[in-house]
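Below: the structure, in structure tokens.
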There are 2 protein chains.
Amino acid sequence: MALVVQKFGGTSVANIERIRNVAQRVAKTYDQGNDVVVILSAMSGVTDSLISLAQQAAEDPDKRELDALLATGEQTTITLLAMMLISMGYKAQSMLGHQIEVVTDSDYGNARIIEINSKRLQQLLEKKNIVVVAGFQGYDMKGNITTLGRGGSDTSGVAIAAALKADVCEIYTDVDGVYTADPNICPKARKLKTITYDEMLNMASLGAKVLQIRSVGFAKKYNIPVHVRSSFNEEEGTMVVSEDSGMEQLIVSGVTHDKKQARVTLTKVPDQPGIAAKVFSPISEAGIIVDMIIQNTRKEGKTDMTFTVPKGDYKRALEISKKVAQQVGAEEVLGDNNIAMVSVIGVGMKNHSGVASVMFNTLARENINIMMIGTSEIRISCVIEEKYTELAVRVLHTAFGLDAEE
Amino acid sequence: MALVVQKFGGTSVANIERIRNVAQRVAKTYDQGNDVVVILSAMSGVTDSLISLAQQAAEDPDKRELDALLATGEQTTITLLAMMLISMGYKAQSMLGHQIEVVTDSDYGNARIIEINSKRLQQLLEKKNIVVVAGFQGYDMKGNITTLGRGGSDTSGVAIAAALKADVCEIYTDVDGVYTADPNICPKARKLKTITYDEMLNMASLGAKVLQIRSVGFAKKYNIPVHVRSSFNEEEGTMVVSEDSGMEQLIVSGVTHDKKQARVTLTKVPDQPGIAAKVFSPISEAGIIVDMIIQNTRKEGKTDMTFTVPKGDYKRALEISKKVAQQVGAEEVLGDNNIAMVSVIGVGMKNHSGVASVMFNTLARENINIMMIGTSEIRISCVIEEKYTELAVRVLHTAFGLDAEE
């Protein structure tokens, strides 16, 4: 007897048969006496096809129009699921973003949820409806359709769970939980039973693409337990919870890797106040997202500045940096496209020194050179040569005692 | 300097190239100094694919959900057209049914427009936007998405033209106007420059599928000039106008045919008050639409009742009629699936006797047997054997002086 929000991703609704599978799972949860709200993504591949259609229509499609186009993907899956549930004898209704009043700002393509009017949802639940909500979409104050960005359906799910004060938000996907590392490159990786919001936030932003990062922030803010699990089996997945929930105490919970970054370095930049702004403003104005930034103070009032950007923006970032280098009087611009970032993450490391030295020593033993280092409270990241990625993940996984028992 | 509503059907927006063609035509109208509102259908074939998808999801898809699914078709075309116009340098915005507040009743799949809030449209036009509106869709008082039935985009176009008091509603389609008969079977058919709303109403309901019949009713009610023309050339099409608009005075404006009906006859029905209700109530309760009904009084208190139904409902209508025949004590039920209806239509016939006799004599000369006759103020229809359809249309076309000059 709980209020359960279930979110199914694109691979879980990829075709009619899989949607039928979802219908059965939803029905089972409902039959157990729960109130159920379902959030769906578009069929996998559909959003990309729509984007490609838009690009045939216009080189740089208007963002308002693109959002209204993309919103059709979820509209399709929710109506199909609702039809199935109704034909199975359940009361069900599909609801679009504007119908349940998911109000967002007007930042098309990457809109942020301002509020959700939970009244309409509650009325439907009181009448024992299974409510099937379109993920990824909302509308702004002027009634324009907006979308929440890649993976936005996760955020829809968690936000609706928060608005309804749901007991749990189940995120169904094509993996069966959160792993200590990517099982494809680390055969000894194992599924975590629990993980904290903060660890998950670091995981999500570092290449473990299980949950959209914003959804985790939302879950943390409203303390919504998130259950990440597979839509293809009945196994328990991973619970994402707050720290005090009596979890297994690991120092490091996972090792992640990210091959999607490239590195740019400006050498011998005059080290004076305001120089960082001069360097990074043109990059950010070009819409390029900078991840890690490292600056070493050097002698003679000169410093080296290194930062990472998405590989897709590498060339543009280099070009802009060369102009900037001239303007600020830097010596030269170096770049490297063949890098990867490996990170170890764990709330446990807050209270344990020595995690960094274990990490550096482990990489050193394999002759893996560390090009950049970045840290946060619960994370240490190293930039290394791309070719060592898999090796680095495996040896770190072992070094921090994460390997599954044979 | 006029307010022009342009509606483009499914074949006119069948793919990106054709939508580009539409964009150019719309831009041209705008460049001539007009305010332009564009109404689009879904790409041809898309609505059918969506229906088939729904039928894979549920044998008898829930109507509310089906409408929300079908509405995605128009959402796709309007956003693509708006993107194109914007990329061509125009101000444009797509608008969905609920965004311009096309309020309908809740008769899903066949909803009727109650009102349109023209304010939002007018604001957009004042700011010199080209407004691209989704045809076929509206929403009911509760915010549910509704659709207006097959060809509903025509009705959307005319209704929006009426709400805005537009100067003209141009209906772009894959034919270049309204013809005196179907050119495929009557090579001498010619395009009409003008036709009255009433004639068009009769044409539309009798198998000349140029305009959805409800759209013509709307146009007549609000006296909106409708210009039916081709989206594939620049030629003038046919203007649908009220009678007093100084038109060419033809006695008969067109010959139509309809092969989609079947005939059912109950013989020797006891001729007593209430008998017609007993016969037709079960048919109508089964959702079967009866078109023509003929009843001849016969001797000995018995009568024959004949009616036509869509061919797709023929078997069911026969079965129901057999039960009814037993209940009311009719002799037997006869049926015929191989019939067609040919009609001559024209406001001119109101004031001219002799149209009926010309029609009957013309058919008689070709040895075409007339099985049923029905008339209205501006129409005479005869049911004949299906195999004579084309011949009948041609000889009537000639007999009423409609043939194009060689």
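The values are calculated or read from the model by the stated rules, or taken from the named source; none is laboratory data. The structure displayed is predicted, hence computed values, not measured ones. Positions of Cβ are backbone-derived with ideal geometry, glycine not excepted, and every protein chain shown enters the neighbour counts.
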Across the range A:1-29, which residue is surrounded by the fewest Cβ atoms within 10 Å (Cβ to Cβ) among those that are under 17 Å from A:ASN129 (Cβ atoms) and among the β-branched types (Val, Ile, Thr)? A:THR29
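Would you confirm, using the coordinates I've provided, whether A:ASP154 is more than 14 Å from chain B (Cβ to nearest Cβ) and within 24 Å of A:ALA92 (Cβ to Cβ)? Show your work before the answer.
Working: more than 14 Å from chain B (Cβ to nearest Cβ): yes; within 24 Å of A:ALA92 (Cβ to Cβ): yes.
Taking the combined requirement at face value, the residue satisfies it.
For the structure I just gave you, tell me whether B:LEU53 is modelled with pLDDT of 95 or more, within 20 Å of A:ALA68 (Cα to Cα) and not acidic (Asp, Glu). Please lay out each step first, then the result.
On the way: modelled with pLDDT of 95 or more: yes; within 20 Å of A:ALA68 (Cα to Cα): no; not acidic (Asp, Glu): yes.
So B:LEU53 does not fit the description; no.
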Restricting the range A:287-310 to residues that are out of contact with any Pro (no Cβ under 8 Å at 6 or more places or on another chain) and surrounded by fewer than 16 Cβ atoms within 10 Å (Cβ to Cβ), the one farthest from A:LEU396 (Cα to Cα) turns out to be A:GLU300
Any chance B:VAL393 is closer than 25 Å to B:PHE307 by Cβ, at pLDDT 90 or above and in contact with a strand residue (DSSP E or B) (Cβ under 7 Å, 6 or more places away or on another chain): yes
Lone unmet requirement of (1) more than 28 Å from B:GLN272 (Cβ to Cβ); (2) surrounded by 17 or more Cβ atoms within 10 Å (Cβ to Cβ); (3) at pLDDT 90 or above for B:ALA330: (1)
Scan the range B:134-165 residue by residue and report those that are in contact with a strand residue (DSSP E or B) (Cβ under 9 Å, 6 or more places away or on another chain), surrounded by fewer than 24 Cβ atoms within 10 Å (Cβ to Cβ) and either hydroxyl-bearing (Ser, Thr, Tyr) or within 18 Å of B:VAL226 (Cβ to Cβ) (or both). B:ALA162, B:ALA163, B:LEU164, B:LYS165
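Residues checked against (1) at pLDDT below 90; (2) buried (at least 23 other Cβ atoms within 10 Å of the Cβ):
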position	(1), (2)
B:SER205	yes, no
B:ILE213	yes, no
B:LYS221	no, no
B:ILE224	no, yes
B:VAL228	no, yes
B:GLU236	no, no
Considering each of A:THR297, A:THR303, A:THR308 in turn, give the residue that is modelled with pLDDT of 90 or more and within 23 Å of A:SER376 (Cβ to Cβ). A:THR308
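Quick grid of which residues meet (1) under 30 Å from A:VAL344 (Cβ atoms); (2) more than 14 Å from chain B (Cβ to nearest Cβ); (3) of a type in the set (Gly, Ala, Ser):
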site: A:SER106; (1), (2), (3): no, no, yes
site: A:LYS127; (1), (2), (3): no, no, no
site: A:ILE145; (1), (2), (3): no, no, no
site: A:GLU170; (1), (2), (3): yes, yes, no
site: A:LEU192; (1), (2), (3): yes, yes, no
site: A:MET203; (1), (2), (3): yes, yes, no
Out of (1) surrounded by fewer than 19 Cβ atoms within 10 Å (Cβ to Cβ); (2) touching a residue at least 24 places away in the same chain (Cβ under 8 Å), what's the single condition that is false for B:GLN56? (2)
The range B:59-86, subset within 7 Å of chain A (Cβ to nearest Cβ) and hydroxyl-bearing (Ser, Thr, Tyr), residue farthest from B:ILE19 (Cα to Cα): B:THR72
Would you mind stating whether B:SER353 is more than 23 Å from B:TYR388 (Cα to Cα), of a type in the set (Ser, Thr, Tyr) and without any contact (Cβ under 8 Å) to a residue 60 or more places away in the chain? yes
A:GLY335, sole failed condition from (1) in contact with a Leu (Cβ under 6 Å, 6 or more places away or on another chain); (2) outside any strand (DSSP E or B): (2)
Can you pull out the residues in the range B:239-285 that are at pLDDT below 85 and touching a Gly at 6+ places or on another chain (Cβ under 7 Å)? B:GLN249, B:LEU250, B:ILE251, B:ASP271
I'd like to verify a number: residues in the range B:14-58 that are within 12 Å of another protein chain (Cβ to nearest Cβ) and within 30 Å of A:MET84 (Cβ to Cβ), how many? 13
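In this structure, does B:ALA356 turn out to be part of a helix (DSSP H, G or I), modelled with pLDDT under 90 and surrounded by fewer than 16 Cβ atoms within 10 Å (Cβ to Cβ)? Working first, answer last.
Numbers: part of a helix (DSSP H, G or I): yes; modelled with pLDDT under 90: yes; surrounded by fewer than 16 Cβ atoms within 10 Å (Cβ to Cβ): yes.
Yes: the conditions hold for B:ALA356.
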Residue match in the range A:43-50 (condition: among the small types (Gly, Ala, Ser), over 24 Å from the mean Cα position of the chain (by Cα) and part of a helix (DSSP H, G or I)): no
Condition test on B:ARG120, is it within 13 Å of chain A (Cβ to nearest Cβ) and surrounded by fewer than 17 Cβ atoms within 10 Å (Cβ to Cβ)? yes
Which pairs turn up if I take residues in the range A:385-406 that are at negative phi and look for partners that are of a type outside the set (A, V, I, L, M, F, W, C) and in a helix (DSSP H, G or I) with beta carbon separation below 7 Å, at least 6 apart in sequence or on another chain? A:VAL395/A:THR362; A:LEU396/A:THR362; A:ALA399/A:THR362; A:ASP403/A:HIS397
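Of the residues in the range A:362-384, how many are without any contact (Cβ under 8 Å) to a residue 24 or more places away in the chain and among the polar types (S, T, N, Q)? Talk me through it step by step, then tell me what you get.
Here is the first cut: in the range A:362-384, the residues without any contact (Cβ under 8 Å) to a residue 24 or more places away in the chain are A:364, A:367, A:369-370, A:375.
With among the polar types (S, T, N, Q) added as a condition, the list becomes A:367, A:369, A:375.
Residues flagged as without any contact (Cβ under 8 Å) to a residue 24 or more places away in the chain and among the polar types (S, T, N, Q) within the range A:362-384 amount to 3.
Filter the range B:87-99 down to residues that are in contact (Cβ under 8 Å) with a residue 40 or more places away in the chain and surrounded by fewer than 23 Cβ atoms within 10 Å (Cβ to Cβ) and give me whichever is farthest from the other protein chains (Cβ to nearest Cβ).
Of the range B:87-99, the ones in contact (Cβ under 8 Å) with a residue 40 or more places away in the chain are B:88, B:90, B:92, B:94, B:96-98.
Those still in the list that are surrounded by fewer than 23 Cβ atoms within 10 Å (Cβ to Cβ) too: B:88, B:90.
Working: B:MET88: 8, B:TYR90: 11 Å.
Out of the qualifying residues, it is B:TYR90.
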